[in-house]
Each structure stands twice: as C-alpha cells, then as structure tokens.
Amino acid sequence: MRTDAPPRRLAAALGAALCAAAAAGAQTSAEQSYFVYVAAESDDTVDLVRFGPDGGELLRRIPVGILPNEIEGPHGIQVSPDGRHWYVSIAHGMPYGTVHKFETGTDLEVGDTTAGLFPATMDISPATGFLFVVNFNLHGDHVPSNVSVIDTVSMTEIAQIEQGVMPHGSRLSADGMLAYSVAMMSAELFEIDTMTFQPSRRMRLTGDNETTTAVVDGDPHAGHAMGGGPAASPTWVQPAPDGRHAYVALQGLNQVLEVDLEAWEPRRRFHTRRGPYNIDVSADGRHLVVTEKTNDSVGFWNLESGTERASVPASARITHGVVITPDSRFAIVTVEEIGGEPGRVELYNLESLEREAVVEVGKQASGIAFWKTE
C-alpha cells in the first residue's frame, strides 16, 4: 500500500477544477441520479460521473498508478457489493500489474496488491468478497494465462487459476458462486467454482453449436480443436441475472452467443454489427446491450424475441464498456476516442433508445462500474 504523494494530490485538485468545464448533457428523462466510475487508460485516471435529471457531469478525476512519468493503463474497475470501495486494475507493471483499492465517497486509496501479467477486467463475489481479475497477458508468446483471486480485506492475492490464452471479461453469477471468463486467443468459455477455486466447466467457442463436455476431473485442457473458419475471438461473458443463461461476445464472428448454463450448450446467436466487445443484461431480463467497438456503435436487443431493436452510432469513436442501471431504465456506455481526444461517457434511454447525455472524461475511456443511485 502507498500513501498519496503530493503530485497526486495536486493532480486531483486540478482534476476537480476541470469539473466546471466538463461537458454536460441537456435535461434527461432520469428522475434520480446515477453514479459511475470510469477508467481512462491513456490518462491514468478514474473519473466519477453523475447522470441525473439535469444531464451529466464529471464530479471528480482521481489519479491512479504509482509511476508518475509513465502511462500505466488502468483498465478494469469494479465497486464492492456494499458500495463502500472500488477497485481498479493497473495493467502495465514491471512486469506484473497491480490492483488498487479505494474508498467510495472520499476516493482515497487504502490498499493495493500485485496480480499477474496485464490484469484487466474484474468482478467481486457477494458470497465471499473475493475479487476475480483476469490476467490478459500481452507479454511474449501466446500461452495460457490465469485468473488472480484477491482477498479484498487484506488485499492479498490468494490464488491463480489457469485459464486459456488472453482471458478477458471476468463476470460472476448473481449469487457470487460461479465466475465466468473467456479466453480471446484460444476461443474458450470458462466457469470457476468460487468456493473451491477450481474450473468446473469449459466450452470451446466456434461459429456453430458444437461444444465440449463439462470438465470436472482429468485433463483441464480436454476437448476438441476449434474448427475451420474465422476465429471467434471472444472478448466478454455476461451471466444473466436469473442465472439460467450467459451471453458471450464473439468479436471475430460479429455475434453474441447465448449459452444455456444448465445444459452447458449454445442456444441463440445474435448477429451484431462489427466488433461486439462488452455486454450487459438488464436486471429485469428484457434488454441486452452490446458495444460494437469497431463499428463505433451500440447495439440494443430484445431478449424475449431475440431481435435487434437498433444499432445507434455513438457520439465518438471506439465504443468500449457498458453498464445498465439497476432499475433497467438506462445503459451507460464508455467511448475511447483516439489520439489526444477526450473519452466520453454516454447515457441511453432503454425505452426510446435515445442518447440523452454525454460527458467528456479522460482519454481512452474503457472500464466502467456502477456505484449508486440517489
């Protein structure tokens, strides 16, 4: 753990001063305020953003990282189930990355720990309080990487669970008993028992509905090779709130795959615009929202009918993260932009599909986490 150095405090003060100049949207249909934390990879900051009836605003810019003269790349971000802390992964380490713990409200850092190579997306189990962060590993050869399990009380890495090549999209079931991730380069879906830290099932992801069987004992790499055709390149998995399905973004195939978690089999396939990247499912089970990264758009789907409602062009380039508000009314999306342009956070109404507010944030806005509603 480290204390906040004077340059960091100065940067925080300057960030707060920028709030007055932050881009804010017009009035929205929101009847209450929604607060999110957003990681800016090319600024080494995390921005606290509020959307409410009067539009959106940047409330605070929080410097993160430990090397003031280097871009360290904050990527994954998550808020604890009780809302008292938030966590951010710092991808570029020497060579290992780190995970940092902050208090919500004060946004003061209270702990950190070393993870694996290029820690990326993460999620926290409400059952155990353990954080599961995938180590994406952009270093060297394409070899299997792992998921770090971190005790968020002591901020200690307590386990590493082997996964496929370039794991990403760490997300947990609603009860916190199962952790899911995908391996981008080996095209696999993994399920982990969060009590035993053991992989319970895995699935090879392809352009058809061929799957492997559950892996409980024996060779954890059992299964057939992926067939011909374009690589699936999965980037995200999102379990549905009801625990019956999970949705996987297959970036290389321009598809979102619905997986029946009880049968452990693929079901429906949703054909998206180019580059589906991140996914969220509304708490009421009605809405699927997909960031279509290379199409600079956001896709909206009706899960009951399985039909696309719309693909809406974003206000800037390279859509990235998405989170749906707990009341299932709005989707909040991050947009990276390119070069020296600021990133953006956008608010979409899930009934009208209108973009109701946009807030400028740090450069290369990526990971997003919902904090609270007021």
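Taken together, the values in this text are just the output of simple stated rules run on the coordinates, not laboratory data. No experiment lies behind these values; they were computed from the predicted model shown. Backbone-built Cβ (ideal geometry, glycine too); neighbour counts: all protein chains shown.
Structural remarks
- For the stretch 317-365, averaging the sequence separation of C-alpha pairs within contact (under 8 Å, six or more residues apart) and dividing by the residue count gives a relative contact order of 32 percent.
- Per-residue Karplus couplings for the stretch 341-356, computed as 6.51 cos²θ - 1.76 cosθ + 1.60 with θ equal to phi - 60°, are listed in order as 6, x, x, 9, 10, 10, 10, 10, 7, 7, 8, 8, 6, 8, 7, 9 Hz, Gly and Pro entered as x.
- Candidates Pro199, Pro81, Pro239: whichever shows maximal mean-square fluctuation once the chain is modelled as a Gaussian network with Cα springs under 10 Å: Pro81
- Each of Ala232, Asn146, Ile318 was scored by the projection of its Cα onto the charge dipole of the chain, and the greatest displacement toward the positive side belongs to Ile318; charges sit on the C-beta of Lys, Arg, Asp and Glu.
- Here the Karplus relation 6.51 cos²θ - 1.76 cosθ + 1.60, evaluated at θ = phi - 60°, turns the backbone of the stretch 65-79 into coupling constants of x, 10, 10, x, 9, 10, 8, 9, x, x, 10, x, 8, 8, 9 Hz, with x for every Gly and Pro.
- Amide H contacts for Ser297 (H built 1.01 Å from N in the peptide plane; partners 5 or more residues away or on another chain; cut-off under 5 Å): Glu292, Ala314, Thr319.
- Of the residues Thr121, Asn69, Leu58, the one whose Cα sits farthest toward the positive end of the charge dipole of the stretch 27-182, with +1 on the Cβ of Lys and Arg and -1 on the Cβ of Asp and Glu, is Thr121.
- Separation of the stretch 129-174 and the stretch 261-334, taken as the distance between their Cα centroids, equals 24 angstrom.
- Here each label is just a point 7 Å from Cα along the line to Cβ, and for Asn302 and Glu162 those points are 4.7 nm apart.
- Each Lys and Arg contributes +1 and each Asp and Glu -1, all at the Cβ; summed about the Cα centre of the chain, the dipole is approximately 380 debye.
- Length-normalised contact order of the stretch 267-321 in % [C-alpha pairs under 8 Å, at least 6 apart]: 31
- Listed by chain and number, the lysines placed with their C-alpha closer than 26 angstrom to that of Lys372 are Lys101, Lys363; residues fewer than eight positions away on the same chain are left out.
- In this rough spin-label picture, where each label sits 7 Å from Cα along the Cβ direction, the Ala263-Arg309 distance is 2.7 nm.
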